[in-house]
Structures are given as C-alpha cells and as structure tokens.
Amino acid sequence: MTLNQLIFRNIKKNLKHYYVYIFALIFSVGLYFSFVTLQFDPALDDATEGRKGAAAIKSGSVILIVIVSVFLLYANNLFIKRRSKEIGLFQLIGMTKGTVFRILSVENFVLYIGSLIVGIFLGFSMSRLLMLILFKVTGVTDVATLRFSSEALLQTLIVFAAIFVLILIMNALFIKRHSILSLFRVTTVTQQRVRKMTVFQAVIGVFGILLIVFGYYLSSRLFSSVFLGNQLFLVMIVILASVIVGTYLFYKGSVSFIFNLIRKRKGGYLNVNDVLSLSSIMFRMRSNSLLLMIITSLSALSIALLSLSYISYYSVEKSVERTIPADFTIPDTTRAVEFTQSLETEGIAYTESAIDLLTMPVDLSRVLSIPGGESQEMSYTDMQMIVISDEVLSEIDVEEKQLLFVNSDSLTENFMKFQADQQIVFQGKEHMYDLTLKGTERVAVLPTRVAYGFVVAVVDDRVFQKMNVDKDPSITPEFTEYHGVDITNENDLEKANELFNVLGINEWAGHESKLEERTKQMQSAGMIMFIVGFLGLAFLVTSGCVLYFKQMDESEDEKSNYTILRKLGYTQTDLLKGIQRKQLFNFGIPLVVGLLHSYFAVKSGWFLFGTEMLTPTIIIMLIYTALYSIFGLLSVWNYKRVIKDSL
C-alpha cells in the first residue's frame, strides 16, 4: 500500500469521528467569512453611522477569531489523542515520527481545504441573509444584494491558514513528546473508584454552593447604597471571583455530593438507569470540572451580553418616549414659530405645548441622598433645578405649600433617593420658598436634554409666579422655555422631520426630533445586538461541540461496558433510558447554572440599558436553551449508535 493510499484510507475510516469536527470547521469558516464580508460591504454605511459600523464589525471579527481558534485547537487536540494508538502502531511498524507527522498533516490538509472551500461558499451564500437581518434590526429599508468580497476572502484565508499552522505545530509537538509506549496509554482514562464520600469532598461541595449564593447576593445589592462609590469596582471583582470559584467547586464537589445524597436515599440499590446516569456523572464531572467551569462561565457571559443588548434594543421605543416626550423639541420661541408656520404652509396638522422654565437655587439636603455620594463630599445645599407651574399640566395639581418631582425614571431612582414629606428650600433674589415634597412621579414632561437628566419641580401656579418675579437675574440658564410639537397624523411625520432639518433647527442645542433619535438609537442598539448575537451564536456552537466531543470520547471509552450489559440481557431501549438521563445532566447542569449566573448578572444592572428586563431576558434564554439542546440530542443519537455497535 502506497503512502497516498494509506492517507485516503485513514480519512475514509476516520470520517465517522471527524464529521462533527468537519461540520464545526465548515460552520466556523462560513460564519467568519460572512461576518467579514459585511465589514467590506458598502451597504453597511446605510445601516450604521459610517465607519462606526465597519469598526464594530472589525472588533467583533477579532473576538470571533479567538473563539474559532481556541475551539479548533481544542477539537484537534481531542481527535489526535483519540488516534494516539493508531499513531503508535504506525511507529511500531517502522515509520519515523516525521513520516507519521506528514501523514497527519496531509490528512488535515485535505479535510481543512475541503471544509474551507465549502465554508466560504456557504458564508458567501449566507452574507445576503445576514445583511437582511442587519437591515431589519437597524430599521434600514435598503435592498440587500449578494456581493462577493475579495478582501474578505483574503482575510479569511490568512486567518485560517494561521490556525492551520498552529494545528500542525500542535500535532508535531504531540508526536515528538510521546514515545510509542506512551501513545498506547494516552486514551486510558484514570477512573476514580466509587467510594464513600469524604468529609473534605462534602465541605468543598457545600462551600462551592455557598460561594455562588454569596455572589448572587452581592450582585443583587451591587448598586445599593452599601456598595456604591469607591467600593463598586472591588465588589464586582469579588462577585466575579466568588461565582467562578464557586462554579469550579460546584463541579468538583457539589455535584458528587448531591448525587451521593440521592444514592443514599436509594439505600445503595441502583438500577441500570442510575448506574448509567448518576454514577457516571458523579466522577466524570469531577475530572472535567475546569472545562465545565470555563464553558459555564463563558455561557453565562454570552447569555448576559445577549440579554443586555436585546434589552437595549427592545427598550428603544420606550426610552425615546421617556427622553423626548413630543415629536419635536424646540426650547426657543422664535424657532418654534418658524417651524409651526412651515407646518401650516405645508398643511400638516399639529398640536403644541409651551412651558416656561425657571431655574432656581435650591437646598435638597433634606430630601436627596445619592448612595456612595457622601464619600465624595458632595453637597446638596447649593444646587440648581428647573421649576415649572402645575398650570401647564392638566393631570397634576399641587397645593401652595407643596411641590412634586416629575421626569423621574428607573435609572434616576436607582442612583438618587428622594425622601417624601421633607422640606425643600428655594432661594429667590429676596425671598426663600420653603415647600414640602409631595412625592416623585414617572411622568415625562421635559426632554432629558432640556432637564439635564434631573428631576423637574412642579409647584402651584401662584408660587411659580412669585418665584418668577423674585428670580435672581445673575442666573442665566441655557433654556428658559420649552415648546413641544406633536404631529397629528403619523403619516406626516417624515415630511415634518424633513422640514425640521431643512430649516436647520436640528443644529441648535437641545432641539431634537423624536423620529431621528429613535432611528439613531435603533441603529446603534441593532448593530450591537447583531454583533453580540453573532458572537453568541459562534460561542454556542463551539461550546456545544466541545461538550459533544467529550461525550463522543466517553461513549467510545464506555463501549465495552455496554457490550457487557447487552450480554447480560439489557436491551438497547433499557440502556438508552439511562443515557438520556445522563445527557440531560451532562448538558442540562452547565446550561441551568449558566442561565442562573446570567440572570443575576443581568438583574444587577439591566436598568442601565433599558426599561424592561423580564421579557427580553426570557426570550434570549429560551432561544439559547433550544439551540443548546440540539447538541444534547446529537449526543444521545451518537450513544445510540455506539450501543447498537457494541454487539
């Protein structure tokens, strides 16, 4: 048999083991090529703010390279270990290590080039679909075209050529380091004997769970008054360390501890399903604790980032409604008249609300507290805030000795605490105005830009008139009036927005169009969600494949056990029931722990990204779980094949 015949015979023989690796390689190439194709597509400028979109895609492609590289190197390491006996046999019959290395290199090259070609073709086919998705999430109405990018092709070839060189180096080092005898021992798995649970292992198990619970508790109090300020960064490090170490100890001891308790409840009488599921997992997870900790932590990070990006995208509409109450914000009477006259000329129906703004010095020391602010020596006795009359707000009526704060939101309330029924003192030029805070309401009255992101005080109209007469002339605020223009017919909004821009009103500070702001936020949030989703999908596939490879490796090691069980009379169906339970634990435990980690991570700071947490987070978790479950089903299918071949 010639060397070429030997190489192609090996490729054909090992194809049943390589098919998932080939799929993952094709998927990685296709994913990367289609992603990079977007970077060089001129249509990307329409979906994003010029170069910012290309820069974001470029940054994402770097992260994608890291994910793909680590995955392919890890997968190659698993497969070359799986073939260690074959490599040893080649050397045993007289082949030199150099010859064996050349055989493996040619095999890898054939599989790699074939996968690269197919992956690039699929990536090219997917690029238009990805552009359509990008246009959809960013609200762009352009038509996506299929465009082949030679720059993307060159970049893809360079990246995967570099990965292939690393694979060759890894293979060369593996062959060089191992003697013939050691190659026959590489796949030997040192099984831990089933023995009584030691006190130390029980302590590790309980301590791991306590560390995770402690991290969850700290995350739920992350932005509370206890931790805000200089301690915030330190607390975040403690949370991260606590959860990661706790996760490692959870796999190292907690799983065995919990399953050992289940075994004790059964009095040591285990059926075949228990043997195939509980007993196997108790000792497999302990030996794979580091890998499982890494996968779980990165899964949690991926789900958390996906959830936060989707929360931001999902909340765009509500966020814009809160920050810009009217369709057009014009804090200047002259420009407001100019704009409304143009609307009348064009026959566009509108409604206008006008509010006089009064900026007054105020002492908020009795009502305002900012968690962590005391350590920064912040003073609340000499501040300025905007005051408006309750006359302009039909739904609000304030008594003469009271005032109400409006323009509040969840973000403000998380960082600023206002104490109701306490005194607030406004300082006029000659008089003081001592009023009682009635409360705080989440009513959007003024745009965030006009109100400087702070609450607005609503007072009785009589008090407002007195304040207006008594105002200090030395105080020259940026805005003294606000005009909000709402278009009656939504179909006229685009035309009104064009007028707003043609007149140059949008160029003035504080003059805003709700439509334009919504479009900008939609594009920004959509681009971030698209990139994070893309990277999340890449990690999902790679981590799922890693777990699948491990299960495939274990199934081959356990094949002799299935042969014995089949000879004892157990049917294929009997064994599959235990395998299904085993895979439910193998894939389910890392998934559930990752989901819990991500939930508490999102819960700790979701209000910084949007207005609603639960719905976007649940949607992301359900999608992630559904896609992740595919690898569990593939693993069961692989075990079914192994059990069938065991006799």
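Points to keep in mind about this one:
- K81-E400 pseudo-label distance in nm [points 7 Å out on the Cα-to-Cβ vector]: 8.4 nm
- Average Cα contact separation per residue, the chain, under 8 Å, 6 or more apart, as relative contact order %: 19 percent
- Cross-link table K495/K603; K81/K264; K85/K567, entries beyond 31 Å C-alpha to C-alpha: K495/K603; K81/K264
- Residues of the stretch 503-545 falling in the label zone of Q341, defined by backbone nitrogen less than 16 Å from a point 7 Å along Cα to beta-carbon, are 503-505.
- Chain lengthening between K417 and I618 when straightened (0.36 nm per residue, less Cα-Cα): 69.4 nm
- Accessible surface ranking that places the most exposed of H431, H483 first, with a 1.4 angstrom probe: H431, H483
- Amide N of the stretch 234-252 lying under 15 Å from the label point, which is placed 7 angstrom from the Cα of F214 along Cα→Cβ: 235-250
- Estimated FRET transfer efficiency when R0 is 30 angstrom, pair I262-I294 (beta carbons, to 0.05): 0.70
- Note on the chain: dipole from Cβ charges, positive end direction compared against Y74, H483, W508; the farthest Cα belongs to Y74.
- Screening the chain for whole DSSP H helices with an alpha carbon extent of at least 30 angstrom along the helix axis and a mean Kyte-Doolittle hydropathy of at least 0.0 yields 3-39, 51-82, 97-138, 150-177, 199-220, 289-314, 514-557, 572-605, 614-645.
- In a fully extended conformation the segment linking R366 and L73 would gain 99.3 nm over its present Cα-Cα distance, using 0.36 nm per residue.
- Rounded to 5, the percent of DSSP beta bridges in the stretch 330-444 classed as antiparallel: 80 percent
- Gain in span if fully extended, D486 to A55, counting 0.36 nm per residue against the direct Cα distance: 151.5 nm
- Using bins of 5 Å that start at zero, the share of Cα-Cα pairs per bin across the stretch 539-647 amounts to 2, 11, 19, 18, 13, 11, 9, 6, 5, 3, 2, 1, 0, in whole %.
- Simple Cβ-charge dipole of the chain, Lys/Arg +1 and Asp/Glu -1, about Cα centre, in debye nearest 20: 7720 debye
- With DNA, RNA and ligands ignored, accessible area of M126 (1.4 Å probe; Å², nearest 10): 70 Å²
- Principal semi-axes in Å for the chain [√(5λ), Cα gyration tensor, largest first]: 62, 33, 19
- Reachable lysines, given that their alpha-carbon falls under 30 Å from the alpha-carbon of K401 and they are not under 8 places away in the same chain: K417, K429, K438, K466, K471
- Between E516 and F233, the C-beta separation translates, for a Förster distance of 41 Å, into a calculated FRET efficiency of about 0.70.
- The simple Förster model, with R0 at 30 Å and r as the Cβ-Cβ distance, assigns W637 and L154 a FRET efficiency of 0.20.
- If you take all other residues with their beta carbon under 9 Å from the beta carbon of G484, and give Lys and Arg +1 and Asp and Glu -1, the sum is -3.
- Positive dipole terminus of the chain, leading residue within T296, N497, N638 (C-beta point charges): N638
- Counting only protein chain heavy atoms and rolling a 1.4 Å probe, the accessible areas of R263, R102, R177 rank, largest first, as R177, R102, R263.
- DSSP-loop chymotrypsin sites (Phe, Trp or Tyr not before Pro) across the stretch 55-157, with at most 15 other Cβ within 10 angstrom: F148
- Shape of the stretch 437-482, Cα gyration tensor, a/c cut at 1.5: oblate
- Placing a label point 7 Å from the Cα of K466 along the Cα-to-Cβ direction, the residues of the stretch 340-369 whose backbone N falls under 18 Å from that point are 358-363.
- Accessible carbon and sulfur surface of the chain relative to its total accessible area, %, 1.4 Å: 62 percent
The values are calculated or read from the model by the stated rules, or taken from the named source; none is laboratory data. Predicted model, so just to flag it, every value in this text is computed and none were measured. Neighbour counts are summed over all protein chains in view; Cβ atoms, including those assigned to glycine, are modelled from backbone coordinates with ideal geometry. We work out accessible area using only protein heavy atoms, side chains counted, and drop any ligands, DNA or RNA first. Shrake-Rupley method; radii C 1.70, N 1.55, O 1.52, S 1.80 Å.
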